[in-house]
Amino acid sequence: MQLRDALDDYKRHEGHDTRFPGERRSTTGLFSGFGGRLVHVERDGSLRDFGYPLTGRNGVDRSRLGLRVDDEMYWFDADDTVSQTYHDSTALVVTERETPFGALTQYDLTIDDAHVTHVELGEGSEADVELVAYMGFAPNAQDTRIGQLRHEDAVELYHTTEHDFVGSATDFSDLHGQVPIRFAEVLDNTTVDLPRPVSEDRYEEDRLSGDLVVFLLFESGRTSLVTLLTDKGTTTRETALGRLDELAAEYGDVAALQQTAEAETLDLPDDAPHADAVAADIRVLRLLSAETGLRIAGPDFDPYYAHSGGYGYTWFRDDAEISLFVNEVSDHAGLGLDAWTNRSARAYLATQQSDGTWPHRVWPRDGTLAPGWANGRLEAGDGVDYQADQTGSVVTFLASVLDDLDGDLCDDVVTALDAALDGLDDTLAADGRPVACQNAWENMNGRFSHTAATFLGAYAAVADADLPAETTTHAKEQADRIYEAVDDLWADDRGIYALRECETGELDLRYDSASLALVAAHRLYVRIGNIDDKRLDRLVSHVEETVDNLWYDPDESDVRGLVRYEGDSWRQRGQGHEKVWTVSTAWGAHAAASMTGLLRQKGDERAESFAMITDDLLSLVLPDGPLCMETGYLPEQVFDDGTPDSATPLGWPHALRLATVALTDELGIDVSAQAPTLAD
């Protein structure tokens with residue numbers, strides 16, 4: 001998304017109740033792409049690349065598809081789409097619509113660095129029809145200083161190293177360039193509809209712009225448009241043009257697209273619990289992954305940081321939890337995802353800092369440091385602007401999967417864990433709790449319950465791992481210290497562990513969904529230590545009170561679930577109340593399931609009440625639940641009226657849902673399709 005597009009969107013949506021102006025949204029439409037390139041297919045058929053963080057190639061920034069009949073233009077965004085779905089459990093997007101000229105079906109599949117859009121007309125459609133595609137490319141993330149080269153049956157668009165190609169299975173009947181939005185138009189109050197008329201008598205417009213309009217003939221009622229993103233240093237022009245021809249020839253029919261898509265699909269066991277949810281979760285996590293194994297948090301809807309700090313990066317907190325959950329589910333359900341675990345482990349080894357910790361966030365394509373605001377351990381100063389829970393999460397994953405790793409990789413992880421323990425020790429205060437740092441939500445400093453939970457889980461996982469006795473003994477001692485120190489955060493009058501200890505020494509008594517991580521941490525701790533009755537009672541109270549007080553059930557729609565924390569004002573727009581978060585709701589379900597497991601280990605009858613809470617919360621994020629979109633995606637947040645907001649799909653809640661489904665199956669918790677709400 002270029003600045004001109006962001007400003008145009010700002011003019012269109014300034015003052016909107018649920019849309020933040022200047023963003024590129026993915027709350028509708030579907031994504032395709034398992035090879036790094038990530039292409040969004042909107043319901044109106046338009047395409048946009050979101051894969052820059054995954055590949056370093058920017059690709060398509062804006063587009064519009066339609067038909068030309070007798071020199072008259074009909075754009076697909078003129079009417080609502082009839083339907084848009086994935087083909088079975090694949091990443092092949094199928095979009096069906098009715099046009100004034102007959103039915104039409106659009107098939108979209110991203111294949112490595114290429115994307116194929118195949119369009120077929122229904123029987124009885126107009127014979128003299130052309131497909132028209134307006135596409136704006138931004139090679140090297142530039143919207144100016146772009147050139148075009150016209151080849152016999154393809155167009156090449158380039159800035160410096162990134163060269164993007166457009167071709168067709170049926171050749172172009174016509175094509176021309178477009179000039180971008182002019183300065184005066186950017187400053188004007190009115191918006192600009194693209195594409196423009198064919199020519200405005202500017203001799204350079206066909207060659208010095210990333211915008212292109214192409215017209216494609218239909219043959220036997222079908223045609224295909226192919227785009228290919230390349231780097232000059234790795235792909236020659238001749239190779240790229242040859243591959244473009246091969247793609248156009250190979251994917252000129254639906255069967256070929258379906259066959260390729262099905263070959264990339266994970267085969268789930270017949271008895272997999274909630275197979276539809278598991279398939280959707282695995283697909284989302286694959287869509288968000290780079291070849292390194294690192295993932296973006298979600299499609300970056302706000303590249304100019306207009307209303308957030310961006311989402312197209314790898315955070316080690318949620319990425320390591322995703323890796324751990326995938327490994328657990330793979331082992332439980334027999335998904336055969338060992339390669340994911342190995343790849344994640346290698347990526348974390350490559351990104352570990354010299355002090356044994358992990359930084360705020362990195363680019364997933366190569367693990368290099370990404371822009372951030374929590375790099376205190378890389379800067380001079382007191383290090384408060386450091387998110388210690390991220391290192392704790394990686395340590396938990398590496399220690400937990402150690403037995404699943406082979407040979408040199410296992411040895412390298414052992415070495416990394418030694419260094420990581422030094423990093424954890426350095427950020428553990430004398431009183432047994434982590435030092436003041438930033439929280440999981442990245443908007444406060446203090447000494448947080450959530451950070452303490454990640455440290456408890458990390459040390460417990462190391463103590464339980466097949467490591468030298470000196471290492472496990474030290475980790476056990478540190479875990480015991482944290483176990484005792486956690487009670488410093490207990491707020492007896494509220495029956496919860498406080499959100500944090502503030503700089504003043506006072507406890508912040510707000511309810512916080514991140515603090516629910518304490519339960520999973522104690523499930524790790526119980527493997528190497530004893531949880532006494534007092535602690536168990538406090539955990540029971542903490543989960544009950546946190547879930548009850550973060551529960552929100554607005555009257556405007558079917559939306560209901562947990563808000564992020566008490567008093568959360570972020571991205572409210574005009575709502576005036578905390579928004580429901582899918583992460584928090586799924587986290588609540590996972591914590592309740594974990595609590596069920598802990599209590600059953602103790603033979604405690606209270607376990608069954610938490611099984612019911614698990615049922616209530618998990619049902620909200622399952623495919624038929626009110627927080628799960630028709631696409632199968634979980635957005636980060638939802639407005640009261642049901643409008644999804646922020647990064648969509650977000651990897652973290654999908655991983656939490658995946659893990660909770662597996663845990664409920666392991667514990668024998670029956671999750672109903674239409675569970676009663678907690679309010680009942």
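The values are calculated or read from the model by the stated rules, or taken from the named source; none is laboratory data. Just so we're clear, the structure is a prediction, and the values are computed from it rather than from any experiment. With ideal geometry, Cβ positions are generated from the backbone for all residues, glycine too; neighbour counts draw on all protein chains shown.
Quick one: in the stretch 397-410, of everything that is under 18 Å from Y525 (Cα atoms) and touching a Ser or Thr at 6+ places or on another chain (Cβ under 7 Å), which residue is surrounded by the fewest Cβ atoms within 10 Å (Cβ to Cβ)?
Taking the candidates together, the pick is V401.
Taking only the stretch 77-105 into account, find how many residues are surrounded by fewer than 22 Cβ atoms within 10 Å (Cβ to Cβ) and more than 24 Å from the chain's Cα centre (by Cα).
15
Where in the stretch 389-506 are there helices (runs of 4 or more DSSP H), lying wholly inside it, with at least 2 residues that are touching a Pro at 6+ places or on another chain (Cβ under 7 Å), within 30 Å of D568 (Cα to Cα) and at pLDDT 95 or above?
Output list reads 449-463.
Looking at the stretch 507-552 only, could you name the residues that are part of a loop (DSSP other than H, G, I, E, B) and within 26 Å of Q478 (Cβ to Cβ)?
Across the stretch 507-552, the qualifying residues are V526, R527, I528, G529, N530, I531, D532.
Find the residue count for the stretch 107-121, including only residues that are surrounded by fewer than 22 Cβ atoms within 10 Å (Cβ to Cβ) and either among the aliphatic types (A, V, I, L, M) or within 15 Å of G45 (Cβ to Cβ) (or both).
1
Part of a helix (DSSP H, G or I) and either in contact with a Leu (Cβ under 7 Å, 6 or more places away or on another chain) or on the phi > 0 side of the Ramachandran plot (or both), is that true of A586?
yes
Is it true that G177 is crowded, with 22+ Cβ neighbours inside 10 Å and free of Cβ contacts under 8 Å to residues at least 60 places away in the same chain?
yes
Among the residues of the stretch 331-353, count how many are polar (S, T, N, Q) and either at pLDDT below 95 or within 30 Å of D270 (Cα to Cα) (or both).
3
Give me the residue from the stretch 49-75 that is among the aromatic types (F, W, Y) and either under 30 Å from I296 (Cα atoms) or crowded, with 23+ Cβ neighbours inside 10 Å (or both) and, out of that set, farthest from the chain's Cα centre (by Cα).
Y52
Looking for whichever is under 27 Å from H159 (Cβ atoms) and acidic (D, E) here; the options are D231, D276. Which one fits?
D231
For the stretch 245-289, name all the residues that are outside any loop (DSSP other than H, G, I, E, B) and touching a Lys or Arg at 6+ places or on another chain (Cβ under 8 Å).
A277, D281, L285, S289
Among the residues of the stretch 14-72, what is the count of those that are of a type in the set (D, E) and either under 22 Å from E291 (Cβ atoms) or touching an Asp or Glu at 6+ places or on another chain (Cβ under 6 Å) (or both)?
Counting residues in the stretch 14-72 that are of a type in the set (D, E) and either under 22 Å from E291 (Cβ atoms) or touching an Asp or Glu at 6+ places or on another chain (Cβ under 6 Å) (or both) gives 3.
So which residues in the stretch 291-308 are of a type in the set (A, V, I, L, M) and either crowded, with 24+ Cβ neighbours inside 10 Å or out of contact with any Asp or Glu (no Cβ under 9 Å at 6 or more places or on another chain) (or both), if there are any at all?
Across the stretch 291-308, the qualifying residues are L294, I296, A297.
When the stretch 453-486 is examined, which residues are found to be of a type in the set (A, V, I, L, M, F, W, C), without any contact (Cβ under 8 Å) to a residue 60 or more places away in the chain and within 17 Å of R535 (Cα to Cα)?
A479, I482, A485, V486, listed by residue number.
Take the residues in the stretch 220-244 that are free of Cβ contacts under 8 Å to residues at least 24 places away in the same chain and in a helix (DSSP H, G or I); name whichever of them is farthest from A255 (Cα to Cα).
Among them, the one singled out is E238.
Tell me whether the stretch 584-593 contains one or more residues that are surrounded by fewer than 19 Cβ atoms within 10 Å (Cβ to Cβ) and under 23 Å from R510 (Cα atoms).
No - not one qualifying residue is present in the stretch 584-593.
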